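These notes concern the structure reproduced below.
The values are calculated or read from the model by the stated rules, or taken from the named source; none is laboratory data. In this text, all values refer to a predicted model and were calculated from it rather than measured experimentally. Using ideal geometry, Cβ is built from the backbone for each residue, glycine included, and neighbour counts are taken over all protein chains shown.
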Amino acid sequence: MEAKRIYVDHSATTPMKKEVLDAMLPYFTESFGNASTVYAEGRETKKAINTAREQVAKAIGATADEIFFAGSGTEADNWAIRGIAAANRNKGNHIITSAVEHHAILHTCAALEKDGFEVTYLPVDEYGMVSPESVRDAITDKTILVSIMTANNEIGTIMPIAEIGKIVKEKGVIFHTDAVQAIGMMKIDVDELNVDLLSVTGHKFYGPKGSGALYVRKGTKISPFVTGGGQEKNKRAGTENVPAIVGLGKAIELATEDIEGHNKKLRQMRDRFIDRILNEIPYTRLNGHRTERMASNANISFEFIEGESLLLMLDMKGISASSGSACTSGSLDPSHVLLAIGLKHETAHGSLRVTFGNSNTMEDVDTIVEELKVIVARLREMSPLYEAVKNK
Ligand SMILES: *Cc1c(COP(=O)(O)O)cnc(C)c1O
């Protein structure tokens, strides 16, 4: 029998819960109606979509009419940035974001720069935190949008969103947060956070891939993302992906049921992992904040190590982890997040992200640590730089 693999890449994606699949299944077959039709089959799917809209709204303290379904977190981010930029162009052309956002935000902002928008990429401190004061200082009378993520996908840092939101609101600017990583990991309430727009994706909290939502506060001017039929209040046309929407609704309901209980387990694993690595393997450092971080996330730099080699050797031992964001692994550029917190290129290259989830146990933590001790020692044996340091 093949040994059980240990999956510790939950910030890349999560396996779908059985209950979510069960909720979705009827909408592939029996309940197939087009929700825009008037007869029974259509009314049935329309009702399912409405229920999901309420589930998403309830999970983030919004109302159902402020929830718009999208095809992914990336799409929700694109919609927020492009939709606000287009609808508010007459007010100004300045957008503020941070250097550590997901590429769904950064590459979208870069595209807008080509269209005449000006974008400020705020720096972060050594923990990956955006300071609320830096946001205040960056706002001008041309600023139409501020977009700062709720929690960072690579180093797990939780941003002071409520504080930033308060400042942005005082200035009368629209505030978006990419909360893709945060759902199910911390309490999210759009009013407490003072946000006008918020992005969500289902597959990061045990829901289906290709499901997402954008919260848009009532009264916020935003352009349609896809034009065509009248779906999503004329803002995202196309016959609804009802199974995905139903799955997103069910998954967010389950993910926000007992956040503290879920986190308690994760935090124990995360802390044991971090403590053991830092104590038992020399030349290591923790990236991100020690306490203001997601309960699931550990990001460690190992000096004198190539992160990709580390990942491959872990994979051979049945352990699935990441060296940054899933989207950047495979490329040779070091993570923009690790560079933004001040790491040297070499150090950034030797970084490992482990993100725990539902299926993990304390035993997994110890297995990973034991394997890492062996792998790191072996890789360092091959490093001339390490030899030089060791023999000093
Ligand atoms: C995963 C992720 C996204 C993209 O979501 P998809 O549904 O995979 O497109 C956006 N932002 C953050 C912070 C993420 O972690």
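When you look at VAL100, is it within 30 Å of SER322 (Cα to Cα) and not acidic (Asp, Glu), yes or no? Yes; evaluated as a whole, the condition is true for this residue.
Of the set (1) within 16 Å of the ligand (Cβ to nearest atom); (2) polar (S, T, N, Q); (3) part of a helix (DSSP H, G or I), all apply to ASN153 but (3). For segment 377-392, a residue qualifies if it is assigned to a helix (DSSP H, G or I) and touching a residue at least 12 places away in the same chain (Cβ under 8 Å), and the qualifying residues are ARG378, LEU379, ARG380, LEU385, TYR386, VAL389.
When you scan segment 172-186, do you find a residue that is part of a loop (DSSP other than H, G, I, E, B), more than 16 Å from the ligand (Cβ to nearest atom) and surrounded by 16 or more Cβ atoms within 10 Å (Cβ to Cβ), even just one? Yes: one or more hits. Restricting attention to segment 48-88, and to residues there that are more than 19 Å from LYS169 (Cβ to Cβ) and hydroxyl-bearing (Ser, Thr, Tyr), which single residue is surrounded by the most Cβ atoms within 10 Å (Cβ to Cβ)? Restricting to residues being more than 19 Å from LYS169 (Cβ to Cβ) and hydroxyl-bearing (Ser, Thr, Tyr), the top hit is THR74.
Could we say that GLU232 is buried (at least 17 other Cβ atoms within 10 Å of the Cβ), charged (D, E, K, R) and more than 20 Å from the chain's Cα centre (by Cα) here? Don't jump to the end; show me each part of the working.
Values: buried (at least 17 other Cβ atoms within 10 Å of the Cβ): yes; charged (D, E, K, R): yes; more than 20 Å from the chain's Cα centre (by Cα): yes.
Judged against the criteria, GLU232 is a match.
Residue selection: ARG5 fails the criterion of being charged (D, E, K, R) and free of Cβ contacts under 8 Å to residues at least 60 places away in the same chain. Restricting segment 315-355 to residues that are touching a helix residue (DSSP H, G or I) at 6+ places or on another chain (Cβ under 8 Å), hydrophobic (A, V, I, L, M, F, W, C) and surrounded by 21 or more Cβ atoms within 10 Å (Cβ to Cβ), the residue that is modelled with the lowest pLDDT is ALA348. The condition (being out of contact with any Cys (no Cβ under 8 Å at 6 or more places or on another chain), among the β-branched types (Val, Ile, Thr) and closer than 25 Å to GLN231 by Cβ) is satisfied by just one residue among ILE84, ILE96: ILE84. Each residue in segment 232-248 was checked for being part of a loop (DSSP other than H, G, I, E, B) and either within 16 Å of the ligand (Cβ to nearest atom) or among the aromatic types (Phe, Trp, Tyr) (or both), and 1 pass.
Condition first: surrounded by fewer than 19 Cβ atoms within 10 Å (Cβ to Cβ) and in contact (Cβ under 8 Å) with a residue 60 or more places away in the chain. Now tell me which residues in segment 89-105 satisfy that.
At the first step, the residues of segment 89-105 found to be surrounded by fewer than 19 Cβ atoms within 10 Å (Cβ to Cβ) are 89-93, 99, 103.
Listed by number, the residues that qualify are ALA99, HIS103.
Candidates in segment 1-47 are the residues that are over 28 Å from the mean Cα position of the chain (by Cα) and modelled with pLDDT under 95; of these, the one that is surrounded by the most Cβ atoms within 10 Å (Cβ to Cβ) is ALA3.
For segment 359-392, name all the residues that are within 26 Å of the chain's Cα centre (by Cα) and exposed (fewer than 13 other Cβ atoms within 10 Å of the Cβ). Result: THR361, MET362.
Every residue in segment 90-118 that is closer than 20 Å to ILE341 by Cα and either more than 16 Å from the ligand (Cβ to nearest atom) or not assigned by TED's automatic domain parsing to the domain that holds ASP141 (or both), please. Passing the criteria: only ILE96.
Of the listed requirements (1) part of a loop (DSSP other than H, G, I, E, B); (2) under 20 Å from GLY92 (Cα atoms), GLY229 misses just one: (2).
Among the listed residues LEU145, LEU214, LEU193, identify the single one that is assigned to a strand (DSSP E or B), touching a residue at least 24 places away in the same chain (Cβ under 8 Å), within 16 Å of the ligand (Cβ to nearest atom) and buried (at least 16 other Cβ atoms within 10 Å of the Cβ).
Unique residue meeting the criteria: LEU214.
Anything in segment 119-142 that is part of a loop (DSSP other than H, G, I, E, B) and away from the ligand (no atom under 16 Å from the Cβ)? List them, or say none. Of everything in segment 119-142, those that are part of a loop (DSSP other than H, G, I, E, B) and away from the ligand (no atom under 16 Å from the Cβ) turn out to be PRO123, ASP125, GLU126, TYR127, SER131, ILE139, THR140, ASP141, LYS142.
Would you check if there is a residue in segment 158-165 being within 11 Å of the ligand (Cβ to nearest atom), in the same structural domain as THR74 (by TED's automatic domain parsing), of a type in the set (Val, Ile, Thr) and under 14 Å from the mean Cα position of the chain (by Cα)? No: zero hits.
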